[in-house]
Amino acid sequence: MGYLTNKKIDSVNDKGVYIDGEGLRLRVDNKSNKNWVFRYHIFGQSKDMGLGKYPVVSLKDARRKMVEAKKLVYDGKDPLKIRHKAKLEKQQKKLTFQQICDEFIKTFQVEWTNKKHTQQWTNTLKTYASPTIGKMLAEDITSLHVLKILKPIWVTKHETASRVRQRLERIFSYSIASKYMKGPNPAAYKDNLQHLLPKVSKTANVKHMRSLDYYELPNLINELFELKTTSSLALIFKISTAARTSEVIGAQWNEFDLTNKIWTIPASRMKKRREHVVPLNDLACMIINNMPKHNSSEFVFLNNSKKSHIDNNKMNVTLKTYLPEFHKKTVPHGFRSSFRNWAEENYNFSRRAVELCLSHTNKNKVENAYLRSNLFGKRQQIMSEWNKFLQK
């Protein structure tokens, strides 16, 4: 090494290869462009590795790069392969928000109890976030971009805005952990967006599901029996068990023990990912006993055209189409509120037992540690009284 000097390099303009030594060469093309090349031998092969263009890469820098590459060769490592691998990894890390969003949803949708949650994630992010940051590289997104997404809906659609922010925060946390971007999280609220967005009263923006006055339920049950459709019977079963829509439509034959009047919903289908045992009253048992079994499907409330369960919105459509007067007052999820109101206004039931009927868990972790009983006996009594009320 040492055949070349800065003065000699500057004076060279003719096409050719000029040797510095130890494998370092200066290659000059017919347009007098000068490029550094390191020639090395590894595993019986001769390879040329570009080190950059002169004078951007000086003679001193070229020699330093050559020494670093030569050390790798001495260790039995191919510097060209190492460079190529590093380049690929760098390219892979440069993902857009939309690419990361798709990757996140694909990875974590197994956590969500039904397809509706996946659709909600996809739709809210597509509607509110993607138009602003969808094509941006994650590493370029700042709190000001998130603010641009949230500010127009923060007051007028606060509940939606809060969900969008929470979902963005989780995706950015995933991005930071995956090395797609550096912290801090641009969608974090504390010590970040809280200083950029106004405080909005939570109570002023909560919109509860429409629920039917419970005294109207016996009449509704009779009307639903008259329809004699799968979705109308599913609605009766939902009302009689005070269960969630997703739990009802996904009900499978192997979950029922009709001899002991028990419906065991596996953890995988529950919102809180905990197995839930439901005491079945006579009305609920009657519905299950009268549902036809199909060898082609394990679902109780079957959509024959799809050989799967009925759609998530089917019960709501039934109310809206065939019983519009009731639909004006309630939606399927509202029947859970009707049940709770009935229980609290007419009986001195244990509040915890009523909450367990609705598969609600106590948020107090300390209290949960001591209250380990599922109060099945008390819940049987409650559901039995509920049955009497519905069929009076």
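The values are calculated or read from the model by the stated rules, or taken from the named source; none is laboratory data. Since this is a predicted model, take the numbers as computed values, not measurements. Counting neighbours? That spans all protein chains shown, and the Cβs are built from the backbone with ideal geometry, glycine included. Accessible surface is based on the protein model in full, side chains and every heavy atom, while ligands, DNA and RNA are left aside. Shrake-Rupley method; radii C 1.70, N 1.55, O 1.52, S 1.80 Å.
Express the relative contact order of the range 40-141 as a whole percentage, based on alpha carbon pairs under 8 Å and six or more residues apart in sequence. Please list the in-between numbers first.
Numbers: 46 pairs, mean separation 26.0, N = 102.
Relative contact order, the range 40-141: 26 percent.
Could you give me D for the range 115-240, from Stokes-Einstein at 25 °C and 0.890 mPa s, where the hydrodynamic radius is the Kirkwood radius over C-alpha pairs? Units µm² s⁻¹, please.
On the way: Rh = 17.6 Å.
This corresponds to a translational diffusion coefficient of 139 µm²/s.
I'd like the Karplus ³J(HN,Hα) series for the range 19-36: coefficients 6.51, -1.76, 1.60, θ = phi - 60°, whole numbers in Hz, and an x wherever there's a Gly or Pro.
Along the range 19-36, the couplings run 7, 9, x, 6, x, 7, 9, 10, 9, 10, 8, 6, 9, 6, 6, 10, 10, 7 Hz.
So what are the ³J(HN,Hα) numbers for the range 253-269, from phi and the Karplus equation (6.51, -1.76, 1.60; θ = phi - 60°), rounded to whole Hz, Gly and Pro as x?
Karplus values, whole Hz, x for Gly and Pro: 4, 6, 8, 9, 10, 6, 4, 9, 6, 10, 10, 9, 8, x, 4, 5, 9.
Out of (i) 68, 24, 20; (ii) 32, 27, 18; (iii) 40, 23, 20, which label holds the value of semi-axes √(5λ) of the Cα gyration tensor in Å that was computed here?
(i)
With +1 on each Lys and Arg Cβ and -1 on each Asp and Glu Cβ, how big is the dipole of the range 29-114 about its Cα centre, in debye rounded to the nearest 20?
640 debye
For the chain, what relative contact order do you get, as a whole percent, if you take Cα pairs closer than 8 Å and at least 6 residues apart? Mind dumping the intermediate values first?
On the way: 447 pairs, mean separation 43.1, N = 392.
Normalised by residue count, the contact order of the chain is 11 percent.
By a straight-distance test (C-alpha under 29 Å), which lysines pair with LYS77 as possible cross-link partners, with residues fewer than eight away in the same chain excluded?
Once the sequence-local lysines are set aside, what remains near LYS77 is LYS34, LYS47, LYS53, LYS60, LYS65, LYS85, LYS87, LYS90, LYS93, LYS94, LYS179.
List the residues whose amide H sits under 5 Å from the amide H of TYR54, counting only those 5 or more places along or on another chain, with H placed 1.01 Å from N in the peptide plane.
LYS34, ASN35, TRP36
Taking H placed 1.01 Å from N in the peptide plane, check which residues at least 5 places from ASN303 or on another chain put their amide H under 5 Å from its amide H.
Residues meeting the criterion, in which the H sits 1.01 Å from N, are SER308, HIS309, ILE310.
At most 15 other Cβ atoms within 10 Å and a DSSP loop assignment: could you name the chymotrypsin sites (Phe, Trp or Tyr not before Pro) in the range 279-364 that fit? It would help to have the intermediate numbers written out before the result.
Numbers: sites: PHE299, PHE301, TYR322, PHE326, PHE335, PHE339, TRP342, TYR347, PHE349; in loops: PHE301, TYR347, PHE349.
Listed in order of number, the matching sites are TYR347.
Between THR118 and LYS53, what is the FRET efficiency for a Förster distance of 51 Å, r being their Cβ-Cβ separation, to the nearest 0.05? Please report the intermediate quantities before stating the final value.
Numbers: r = 50 Å, r/R0 = 0.97.
Efficiency, rounded to the nearest 0.05: 0.55.
Taking loop as defined by DSSP and a crowding limit of 15 other beta carbons within 10 Å, which trypsin sites (Lys or Arg not before Pro) in the range 283-323 fit? It would help to have the intermediate numbers written out before the result.
Working: sites: LYS293, LYS306, LYS307, LYS314, LYS320; in loops: LYS293, LYS306, LYS307.
Passing both the DSSP loop test and the Cβ count: LYS293, LYS306, LYS307.
For helix 115-124, what angle does its Cα long axis make with the longest principal axis of the chain, in degrees from 0 to 90 and rounded to 10?
On a 0 to 90 degree scale, this one is about 60.
Obtain the nm distance between the two label points defined at GLU355 and LYS271 by a simple spin-label model: each point lies 7 Å from its Cα along the Cα-to-C-beta direction.
The modelled label-to-label distance comes out at 1.3 nm.
Based on C-alpha coordinates, I'd like the Rg and Dmax of the range 8-121, in Å.
Just the Cα atoms of the range 8-121 yield Rg and Dmax of 22.9, 73 Å.
Would you mind calculating the gained length between THR5 and ASN313 on full extension (0.36 nm times residue separation, minus the Cα-Cα distance), in nm to one decimal? Spell out each step's value before the answer.
On the way: separation 308, 0.36 × 308 = 110.88 nm, distance 7.87 nm.
Result: 103.0 nm gained on full extension.
Applying the Karplus parametrisation 6.51 cos²θ - 1.76 cosθ + 1.60 with θ = phi - 60° to the phi angles of the range 279-293, what ³J(HN,Hα) value in whole Hz is obtained for each residue in order, glycine and proline being reported as x?
In residue order, the calculated couplings are x, 8, 8, 4, 5, 5, 5, 4, 4, 5, 5, 9, 7, x, 8 Hz.
Can you give the angle from 0 to 90° between the axis of helix 376-390 and the longest principal axis of the chain, with both taken from C-alpha atoms, to the nearest 10?
On a 0 to 90 degree scale, this one is about 60.
Find, among the trypsin sites (Lys or Arg not before Pro) in the range 1-63, those assigned to loop by DSSP (not H, G, I, E, B) with at most 11 other beta-carbon atoms within 10 angstrom. If you can, show how the numbers build up before the last one.
On the way: sites: LYS7, LYS8, LYS15, ARG25, ARG27, LYS31, LYS34, ARG39, LYS47, LYS53, LYS60, ARG63; in loops: LYS15, LYS31.
Of the trypsin sites (Lys or Arg not before Pro), the ones in loops of the range 1-63 whose Cβ has at most 11 other Cβ atoms within 10 Å are LYS31.
If you take the beta carbon distance between GLU325 and PHE108 as r and set R0 to 51 Å, what does 1/(1 + (r/R0)^6) give as a FRET efficiency, to the nearest 0.05? Don't skip to the end; give the middle numbers.
On the way: r = 41 Å, r/R0 = 0.81.
So, using R0 = 51 Å, E works out to roughly 0.80.
How would THR241, THR321, THR122 rank on accessible area, largest to smallest, probe 1.4 Å? Could you put the intermediate results ahead of the total?
Details: THR241 5, THR321 85, THR122 60 Å².
Ranked from most to least accessible, the order is THR321, THR122, THR241.
Helix 230-241 sits at what angle to the longest principal axis of the chain, using alpha carbons and giving 0 to 90 degrees rounded to 10?
Approximately 80 degrees, to the nearest ten.
Using the beta-carbon distance between VAL155 and ASN374 and R0 = 51 Å, what value does 1/(1 + (r/R0)^6) give for FRET efficiency, to the nearest 0.05? Kindly include the intermediate steps, with their values, before the conclusion.
On the way: r = 42 Å, r/R0 = 0.82.
Efficiency, rounded to the nearest 0.05: 0.75.
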